[in-house]
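The values are calculated or read from the model by the stated rules, or taken from the named source; none is laboratory data. Nothing here was measured: the structure is a model prediction, and the numbers come from that model. No Cβ is skipped: glycine too gets one built from the backbone with ideal geometry, and neighbour counts run over all protein chains shown. All accessible areas refer to the heavy atoms of the entire protein, side chains included, with ligands and DNA or RNA removed. Shrake-Rupley method; radii C 1.70, N 1.55, O 1.52, S 1.80 Å.
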Amino acid sequence: ATMRNLNVTLIQCELAWEQPEDNRRQIGAIIDGLHQATDLIVLPEMFTTGFSMNALGNAEEPGGPTEQWMVGIARQRDCAITGSIAVRAGEGVYNRMLFATPSGVQHYDKRHLFRMAGEDKRYLSGAQRVIVPWRDWRINLQVCYDLRFPVFSRNRDDYDLMLYVANWPQQRRHHWRQLLVARAIENLACVVGVNRIGADARGLTYSGDSLAVAADGAIL
């Protein structure tokens, strides 16, 4: 079967620290400025707060304001929109990648937590591999540090595109870029990685380096 082209919009932006309304407003303004049609908008990891370890303080309930905002954009523009936020689940919190379409929201909980920042002490680890169908494409959802675990993302002939949303510090930008290309080549699948820019409250800087990579490893 021939697949139709998927128009993907990568939004590489600065993030206000722990200011969800500000971030939704800023990202909303960027999206309002898109004049071409798009099938999928990809935002960074933790796009409402930055990569904060204040999990409980930042966490939204399932179906909370950011999820509603994403569904609103999906319906308004007839597209999908994805990125991760902190979401409460019982007593714990997940770094949860939401994939919103006009008909609702699916999610993937970050599997590999970044223990060097203590993420494993503040967030629960997801257990499920999540592949969502969207406009003839099968899309594998991944978050940041997952990029370093190739076996976890191995293509079992069950996806066509892998998405990585990230807060990946500038000092390791070379790894980010090389590994995104490697994942595309080894899995014979398209890969999109979206990373933030600017600095965060912990003093880390981010160089973006967001990439869209074809299944043969060519950078699009």
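Out of the residues in region 111-124 that are touching a strand residue (DSSP E or B) at 6+ places or on another chain (Cβ under 8 Å) and free of Cβ contacts under 8 Å to residues at least 40 places away in the same chain, state the one that is farthest from Glu91 (Cα to Cα). Result: Leu113. Of all residues in region 143-164, those satisfying the criterion of being free of Cβ contacts under 8 Å to residues at least 40 places away in the same chain and either open to solvent by less than 60 Å² (accessible area, probe 1.4 Å) or among the β-branched types (Val, Ile, Thr) (or both) are Tyr145, Asp146, Pro150, Val151, Ser153, Asn155, Asp158, Tyr159, Met162, Tyr164.
Return the residue satisfying two criteria in turn: it lies in region 180-206 and is of a type in the set (Val, Ile, Thr) and outside any strand (DSSP E or B), and of such residues it is surrounded by the fewest Cβ atoms within 10 Å (Cβ to Cβ).
Going through region 180-206, the residues of a type in the set (Val, Ile, Thr) turn out to be 181, 185, 191-192, 194, 197, 205.
Subsequent filtering for residues that are outside any strand (DSSP E or B) retains 181, 185.
Values: Val181: 17, Ile185: 15.
Restricting to residues being of a type in the set (Val, Ile, Thr) and outside any strand (DSSP E or B), the top hit is Ile185.
Apart from one condition, Asn155 fits all of (1) more than 13 Å from the chain's Cα centre (by Cα); (2) under 20 Å from Ala214 (Cβ atoms); (3) not in a loop (DSSP other than H, G, I, E, B); the exception is (3).
Do we have any residue at all in region 66-73 that's over 24 Å from Asp22 (Cα atoms) and among the hydroxyl-bearing types (Ser, Thr, Tyr)? Among the residues of region 66-73, not one is over 24 Å from Asp22 (Cα atoms) and among the hydroxyl-bearing types (Ser, Thr, Tyr), which makes the answer no. When residues in region 27-65 are screened for being within 21 Å of Gly193 (Cα to Cα) and part of a helix (DSSP H, G or I), 4 of them pass. As a summary of the residue check, Tyr108 satisfies the conditions (1) open to solvent by 70 Å² or more (accessible area, probe 1.4 Å); (2) part of a strand (DSSP E or B) except for the one numbered (1).
From the list Pro44, Pro20, the one residue that fits, being open to solvent by less than 10 Å² (accessible area, probe 1.4 Å) and under 25 Å from Leu124 (Cβ atoms), is Pro44. Here is the figure for region 134-183: residues that are charged (D, E, K, R) and on the phi > 0 side of the Ramachandran plot total 3.
When region 125-142 is limited to residues that are free of Cβ contacts under 8 Å to residues at least 40 places away in the same chain and in a loop (DSSP other than H, G, I, E, B), the one that is most open to solvent (accessible area, probe 1.4 Å) turns out to be Gln128.
Annotation note: of Thr2, Thr38, the sole residue that is out of contact with any Gly (no Cβ under 8 Å at 6 or more places or on another chain), among the hydroxyl-bearing types (Ser, Thr, Tyr) and at pLDDT 95 or above is Thr38.
For region 165-179, the tally of residues that are free of Cβ contacts under 8 Å to residues at least 24 places away in the same chain and part of a strand (DSSP E or B) stands at 0. Put simply, of Ser52, Ser84 the only residue that is under 18 Å from Leu113 (Cα atoms), of a type outside the set (A, V, I, L, M), surrounded by fewer than 24 Cβ atoms within 10 Å (Cβ to Cβ) and touching a residue at least 24 places away in the same chain (Cβ under 8 Å) is Ser52.
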